[in-house]
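Peer 1: One structure follows; several queries about it will come next.
The values are calculated or read from the model by the stated rules, or taken from the named source; none is laboratory data. From a predicted model like this one, the values you see are computed outputs, not experimental measurements. Cβ placement follows ideal geometry from the backbone for every residue including glycine, while neighbour counts extend to all protein chains displayed. Ligands, DNA and RNA are stripped out before the accessible areas are found, and what is left, the full protein with its side chains, is counted by its heavy atoms. Shrake-Rupley method; radii C 1.70, N 1.55, O 1.52, S 1.80 Å.
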Amino acid sequence: MFNDRIQQLIHRLPPHTAALVTSGASRRYLTGFPSSAGAVLITEQGAWFLIDFRYIEKARETVTSCQVAEALSTKDQIAEYLTKVGATELWIETRNLSLAAYRDWQKSLPEVRVSDCPLLDDWLAAMRAVKSPDELSAIRAAGQITDAAFAHILSCLRPGMTEREVALELEFFMRKNGSEGVAFDTVAVSGKNSSLPHGVPTDKPLGKGDFLTMDFGAVQHGYCFDMTRTVAIGSVSEEQKRVYKTVLAAQNAAFGVLRAGVPGKTVDRAARDVIENAGYHGAFGHSLGHSVGLEIHEDPTAAPRSEALLPAGTVITVEPGIYLAGRFGVRIEDTVFVTADGYENLTHSPKELIIC
Ligand code: ZN
Ligand code: ZN
């Protein structure tokens, strides 16, 4: 599998051109090996995985898609490999590369033309967008832990518990039940704070009549999951009910048009129309969804300007929200698998309005 991914890149590279993959997620995608540093060099004559002493023993044991080499002086070693294979141009993956690091590569490899050709990033994004059966089962497994964490937190929530305690309880449960970490910083915001889409949990205690929005996700084999649920604490007003119903209807409208071959913006529009037609113009200030995988935010996206057609096999979130500044907010988010004729929802937690 990892070998096929490397071969796909080798076949696409123009003659005498090599590619350097620098981001942690793409390195892992091509080698199966998680690491905080390293580089994958892909050339017409094969690929090298340069990795430092901390990882070398394990990498030699497990990585089969590349020749594994201990990184001693990475730039000199890469210069040597490029000379050996007769490469005159090196494309660098720039997705997570700083401008300083890119310039440093240019300076360190004067013998070749170092280029930030966007094709390399595009190829990697397109390959990573279509999940293999193994990737899908990792995401499913992360989803099971995430769903279980939601069921667990429902049994813990009570007025007086703080947002920070809610976030910690979710994270503790996920870690205890096999999550490798958290897919992103857990959001737990209540009352007025719930109008902050990515608010940081505070010491504010949950109060009666508060909405509590929890956005969290587990990780399995490096693959992320992403889910949001909003619940009411103690009681709920008619207006809160109306907003909640509208967000849920927006999500269902998005599901109604979601399938492979549709541009992300069409799915975003379907949800946004429901929110705007209900009179909440301007209250949904973020995009509807993003793909997930080895990273929590991947391509393609479902945003107002997402022209890219969603491929079959992509895993994307559908997360409409309404945020009324200074008052309250609601977001409902599922992670779903896109198929030729629709989608499969990988999120199984209930979505009817729960009053805890
Ligand atoms: Zn989320
Ligand atoms: Zn999300």
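Peer 1: Filtering region 128-174 down to residues that are among the basic types (K, R) and within 14 Å of F225 (Cβ to Cβ), which residue is least open to solvent (accessible area, probe 1.4 Å)?
Peer 2: Among them, the one singled out is K131.
Peer 1: Going through A271, A283, A312 one at a time, which residue ends up being farther than 18 Å from V330 by Cα and among the small types (G, A, S)?
Peer 2: The unique qualifying residue is A312.
Peer 1: Within region 301-356, track down each residue that is acidic (D, E) and within 16 Å of ligand 2 (Cβ to nearest atom).
Peer 2: Result: E319, E333, D334.
Peer 1: Now for a different question. So which residues in region 283-317 are polar (S, T, N, Q) and without any contact (Cβ under 8 Å) to a residue 24 or more places away in the chain, if there are any at all?
Peer 2: S287
Peer 1: What number of residues within region 186-217 satisfy the criterion of being in a strand (DSSP E or B), hydrophobic (A, V, I, L, M, F, W, C) and open to solvent by 20 Å² or more (accessible area, probe 1.4 Å)?
Peer 2: Result for region 186-217: 0.
Peer 1: Would you confirm, using the coordinates I've provided, whether L124 is more than 19 Å from the chain's Cα centre (by Cα) and either outside the structural domain of S291 (by TED's automatic domain parsing) or under 30 Å from H16 (Cα atoms) (or both)?
Peer 2: Spelling it out, it is not the case that L124 is more than 19 Å from the chain's Cα centre (by Cα) and either outside the structural domain of S291 (by TED's automatic domain parsing) or under 30 Å from H16 (Cα atoms) (or both).
Peer 1: Another question about this same structure. With the requirement that a residue be open to solvent by 10 Å² or more (accessible area, probe 1.4 Å) and touching a Gly at 6+ places or on another chain (Cβ under 8 Å), what does region 45-60 give you?
Peer 2: Once the filter is applied, which keeps residues that are open to solvent by 10 Å² or more (accessible area, probe 1.4 Å) and touching a Gly at 6+ places or on another chain (Cβ under 8 Å), region 45-60 yields D52, Y55.
Peer 1: Now a separate question. Please find, among Q251, Q220, the residue that is farther than 21 Å from S155 by Cβ, surrounded by 21 or more Cβ atoms within 10 Å (Cβ to Cβ) and more than 16 Å from ligand 1 (Cβ to nearest atom).
Peer 2: Q220
Peer 1: Could you tell me which residue of region 73-104 is farthest from P118 (Cα to Cα), considering only residues that are open to solvent by less than 60 Å² (accessible area, probe 1.4 Å) and under 25 Å from the mean Cα position of the chain (by Cα)?
Peer 2: By that ranking, first place goes to A101.
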